[in-house]
Structure formats: structure tokens, C-alpha cells
1. Could you work out the pair-distance distribution P(r) of the chain from its alpha-carbon pairs, with 5 angstrom bin width and percents rounded to whole numbers?
2. For Glu37 paired with Leu53, estimate the spin-label separation in nm (one decimal), with each label point 7 Å from Cα along the Cα-to-Cβ line.
3. Exactly which chymotrypsin sites (Phe, Trp or Tyr not before Pro) in segment 7-56 are in a DSSP loop and have at most 12 other Cβ atoms within 10 Å?
4. What is the distance, in nm, between label points placed 7 Å from the Cα along the Cα-to-Cβ direction at Thr45 and at Asp7?
5. Exposed loop sites here are GluC sites (Glu not before Pro) in DSSP loop states with at most 14 other C-beta atoms within 10 Å. What is the longest stretch of the chain lacking them?
6. With the crude spin-label approximation of a point 7 Å out along Cα→Cβ, what separation in nm comes out for Gln30 versus Ile16?
7. Leaving out ligands, DNA and RNA, what percent of the accessible area of the chain is carbon and sulfur, probe 1.4 Å?
8. Hey, what's the chain come to in accessible area per residue, 1.4 Å probe, Å²?
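The values are calculated or read from the model by the stated rules, or taken from the named source; none is laboratory data. Note that the coordinates shown come from a computational prediction; the quantities given were computed from them, not determined experimentally. Positions of Cβ are generated from backbone atoms using ideal geometry, with glycine treated the same way; all protein chains shown enter the neighbour counts. To get the accessible areas, we keep the full protein, side chains included, count just its heavy atoms, and leave off ligands, DNA and RNA. Shrake-Rupley method; radii C 1.70, N 1.55, O 1.52, S 1.80 Å.
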Amino acid sequence: RVTPEWDDEIYFKGEILRHIIVHEIHHIGQLSIWSKEIGIPVISTSFIGKKLLERN
């Protein structure tokens, strides 16, 4: 459980993590729409194959 300094509510870590993931997806969607609007290639929303995580 987490209680941020700026809030009296108690949040679960999983709840916070899910919010961060959903928020990131929202911004990726925004970038995709904006790139279409200005005529540049659409940004891929897939995280697969981008090598964002190091493999041991």
C-alpha cells in the first residue's frame, strides 16, 4: 500500500502500475493521431521488437 505525500488516500502498488501503463498507452495513441494529422509516418504502438528490455 502507498499513501503519496499529496493525498490522504491509500493506493495499491498494482493499481498505480496499471494506471501508469494505461496512461502510457494513451500518449502513444496521441502521438499516432498527431503524426497522421501532420502527414508523417505513424508511430508503431507495439512494444514488441523494440528491444526495450535487456536480455541476459
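1. Over the chain, the share of Cα pairs per 5 Å bin runs 4, 15, 14, 16, 16, 12, 11, 9, 3, 0 percent.
2. Output for this residue pair reads 3.3 nm.
3. Sparse-neighbourhood loop chymotrypsin sites (Phe, Trp or Tyr not before Pro): Phe12, Phe47.
4. According to this spin-label approximation, the distance is 2.5 nm.
5. 10-53
6. Each label point is offset 7 Å from its Cα along the Cβ direction, giving 2.2 nm.
7. 60
8. Averaged over the residues of the chain, the accessible area is 100 Å².
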